[in-house]
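Worksheet: the structure to be examined is printed underneath.
The values are calculated or read from the model by the stated rules, or taken from the named source; none is laboratory data. All figures in this text were calculated on a predicted structure; none of them were measured in a lab. Glycine gets a Cβ as well: all are built from the backbone with ideal geometry, and neighbour counts include every protein chain shown.
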Amino acid sequence: MKDKVIFLADIQSFYASVEKVRNPDYENQPLVVAGDPERRSGIILAACPIAKKFGIKTAELLWQAQMKCPNLVVVKPHMQDYINVSIAISKILEQFTDLVEPFSIDEQFLDVSGSLSILGDEYEIARQLQQQILNDIGVYARIGIGKNKILAKMACDNFAKNNENGIFKLNDTNMEKLWKLPIGKMFGVGKRMAINLQGMGIFTIGQLATFPVDILKKRWGINGEVLWQTANGIDHSPVSVKTHDQQKAVGHHMTLPRDYTELEEIKIVLLELCTEVARRCRNKGYMGITVTCGVRGADFDAPTGFHRQITLPIPTNFDMDIFKAAYELFLRHWDRQPVRSLGVSLTNLQTSDCYQIDLFDNYLDREQLNHALDTIWEKYGRTAIFRASSLTQAGQASERARKIGGHYK
């Protein structure tokens, strides 16, 4: 059976590239996209290739980047524009194949196996795709090629991004190039996992590929086998346009504009987060049964916080149900230290068209209230109606409504 041909198309420095298209005056200048330092979100979200030559990296603090490059152009994010551009790129990719699977806002998988007889070999298709994205959008795509998604992803991340033509194919004939890389370069291995693997004497991807899989499974269960398969370039998951149809969780997280120390202030933000999670659940047609509350402390030198969950007796998409559970978790696990960020999520989702009800609770009244709220928000926006507590100094509902993904639209 002939191998499939899978692409992973990744846009170079996506946010920064879009900003340079928006303002051509920035074309030859070192540019970064960063959050608002006045609201404690001065983190580098994207750096253009010119800025990266100064040693600037994604996720570092803005002031550190400015120390490296005093002439740095700093642009606040425009999330709605990035979403619009991502959608436009998807439409271009769909001209090459009907099998396009978004992986992130700037990365998408394509299965071009059925297009080879029409558009040429994989390299020709990759070049055509690059050129059309550059012509139509003005941004540059790097393309990893493999017989499955894992190989395409690692080909892009480790080789195509460093290639002059931005294209690289990883297959059985050149796997030694991948195996020579440090274990931290493998997809799915973060800093903590890299340390764990190094503690077992595994320092390269090749060493993981030849490590006894039974030992890995004994330590990490199924995840151990996934690590071994990834190192060996094994991945049976197809490129599917329906991958994201069934959502696993609905959550909301925010970094606070200052350290919150008072319970009453934290309670206000927690309720706002629960209201937003409930609204998004209803909008997507879901109910959930497991509530998770996460907190991060303000002290980076001595990290504090927790991430705990609780299961409800019946599924819900009502904000007060979620809030009561999240607040209970918060009271139980909060160490009374200043809080820097809060998060709430609802998991174990099911569709809301058919669900079990509580005989001792009038769900009809709740549904009517939710429907009224959702109608107002849809027609007039998220700030059209909210609780009076959100008008206090602690409230963040108005500020959050101006953002997408934690950043301004």
When every residue in the range 294-316 that is assigned to a loop (DSSP other than H, G, I, E, B) and out of contact with any Gly (no Cβ under 7 Å at 6 or more places or on another chain) is compared, the one surrounded by the most Cβ atoms within 10 Å (Cβ to Cβ) is ALA298
Does ALA401 satisfy the condition of being assigned by TED's automatic domain parsing to the domain that holds ARG279, within 15 Å of ARG280 (Cβ to Cβ) and modelled with pLDDT under 65? yes
Considering residues of the range 309-340 that are over 12 Å from CYS293 (Cβ atoms) and among the hydroxyl-bearing types (Ser, Thr, Tyr) only, the residue modelled with the lowest pLDDT: THR316
Kindly list the number of the only condition in (1) assigned to a helix (DSSP H, G or I); (2) of a type in the set (D, E, K, R); (3) surrounded by 13 or more Cβ atoms within 10 Å (Cβ to Cβ) that fails for ASP214. (3)
How many residues, within the range 180-203, are β-branched (Val, Ile, Thr), in contact (Cβ under 8 Å) with a residue 24 or more places away in the chain and not in a helix (DSSP H, G or I)? 1
Quick check: is even one residue across the range 365-386 at pLDDT below 80, small (Gly, Ala, Ser), assigned by TED's automatic domain parsing to the domain that holds LEU312 and under 28 Å from LEU256 (Cβ atoms)? yes
Can you confirm whether HIS236 is modelled with pLDDT under 90 and surrounded by fewer than 20 Cβ atoms within 10 Å (Cβ to Cβ)? no
Scanning the range 341-359 residue by residue, those at pLDDT 90 or above and among the hydrophobic types (A, V, I, L, M, F, W, C) turn out to be LEU342, VAL344, LEU346
Do we find that LEU197 is within 26 Å of PRO49 (Cα to Cα) and not β-branched (Val, Ile, Thr) in this structure? no
Restricting attention to the range 317-345, and to residues there that are outside any helix (DSSP H, G or I) and in contact with a Cys (Cβ under 6 Å, 6 or more places away or on another chain), which single residue is surrounded by the fewest Cβ atoms within 10 Å (Cβ to Cβ)? ASN317
For ILE167, indicate whether it is surrounded by 14 or more Cβ atoms within 10 Å (Cβ to Cβ) and more than 26 Å from ASP121 (Cβ to Cβ). no
Answer from VAL85, VAL73, VAL100 - the residue that is buried (at least 18 other Cβ atoms within 10 Å of the Cβ) and in contact with an Asp or Glu (Cβ under 7 Å, 6 or more places away or on another chain): VAL100
For the range 120-148, give me the residue count where each residue is over 24 Å from the mean Cα position of the chain (by Cα) and β-branched (Val, Ile, Thr). 1
On the given criteria, is VAL291 surrounded by 20 or more Cβ atoms within 10 Å (Cβ to Cβ), under 17 Å from VAL344 (Cα atoms), outside the structural domain of PRO102 (by TED's automatic domain parsing) and out of contact with any Phe, Trp or Tyr (no Cβ under 8 Å at 6 or more places or on another chain)? yes
Does PHE306 qualify as being modelled with pLDDT under 90, in contact with a strand residue (DSSP E or B) (Cβ under 6 Å, 6 or more places away or on another chain) and not small (Gly, Ala, Ser)? yes
Selected residue (only one of THR204, THR261 is surrounded by fewer than 14 Cβ atoms within 10 Å (Cβ to Cβ), more than 22 Å from PHE109 (Cα to Cα) and of a type in the set (Ser, Thr, Tyr)): THR261
